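Here is the structure we will look at, set down as structure tokens.
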Amino acid sequence: MNDGSRDLEQLQQQRTALAQRLRLPWWYLAATAVVMAVLLGLPFLQPRYVSDGAGQVTSLVLIMIQFGLSRLLENTTGVKYRGRNMSYPSARPVMWVTCAVAAASVAGEGVFLRGGDTVLAVAVVVVTVAAVVGILLWQNAAIRHDIRQGRAVSR
């Protein structure tokens, strides 16, 4: 075997080892699920127990907590998961899917709550939280695939 093919084989082994180590920590998935559940649970409390202003401030705080968690995840794993110039091509469509799920869940929850269908609104919250965790796992799998294939773009 010549040096070039041996180097390529070693590079592939390094990529595979890196991809295997890249996993989402359990604390990130759990914290994201809790933040999403609380954020989507606010409309249940707003008319009776929480004023509109307090609900908006709470939403803003929860969004800032999620950004902080994302930054902590980036520091922990060494992978930048967000941004328009994402280095992992397979993960780019995930951003649009996430936006669509968020918009659909907020709209669906609002429609069901205004119609008095609390059980269906709770189901929307549960499905949305599960979908968000699934999307995170999907994105991570896409990034691992890009690393294994050598498709990660260095910037």
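Results, tabulated for the structure shown:
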quantity	calculated
Lone unmet requirement of (1) modelled with pLDDT under 85; (2) of a type in the set (A, V, I, L, M); (3) part of a helix (DSSP H, G or I) for Met64	(1)
Pick from segment 80-99, criterion aliphatic (A, V, I, L, M) and open to solvent by less than 60 Å² (accessible area, probe 1.4 Å), ranking: modelled with the lowest pLDDT	Met86
From Leu24, Leu39, Leu18, residue being part of a helix (DSSP H, G or I), over 18 Å from Gly150 (Cα atoms), of a type in the set (A, V, I, L, M) and touching a helix residue (DSSP H, G or I) at 6+ places or on another chain (Cβ under 8 Å)	Leu39
Yes/no for Leu45 being touching a helix residue (DSSP H, G or I) at 6+ places or on another chain (Cβ under 6 Å), surrounded by 11 or more Cβ atoms within 10 Å (Cβ to Cβ) and at pLDDT below 85	no
Segment 107-121, residues that are surrounded by fewer than 17 Cβ atoms within 10 Å (Cβ to Cβ) and touching a residue at least 24 places away in the same chain (Cβ under 8 Å)	Gly110, Thr118
Only one of Ala54, Ala30, Ala17 that is loosely packed, with under 15 Cβ neighbours inside 10 Å, of a type in the set (Gly, Ala, Ser), modelled with pLDDT of 80 or more and over 13 Å from the mean Cα position of the chain (by Cα)	Ala17
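The values are calculated or read from the model by the stated rules, or taken from the named source; none is laboratory data. Remember, it's a predicted structure, so these values are computed and weren't measured experimentally. In this analysis, Cβ positions are derived from the backbone assuming ideal geometry, glycine residues included, and neighbour counts consider all displayed protein chains. Heads up: the accessible areas ignore ligands, DNA and RNA and are worked out on the full protein's heavy atoms, side chains in. Shrake-Rupley method; radii C 1.70, N 1.55, O 1.52, S 1.80 Å.
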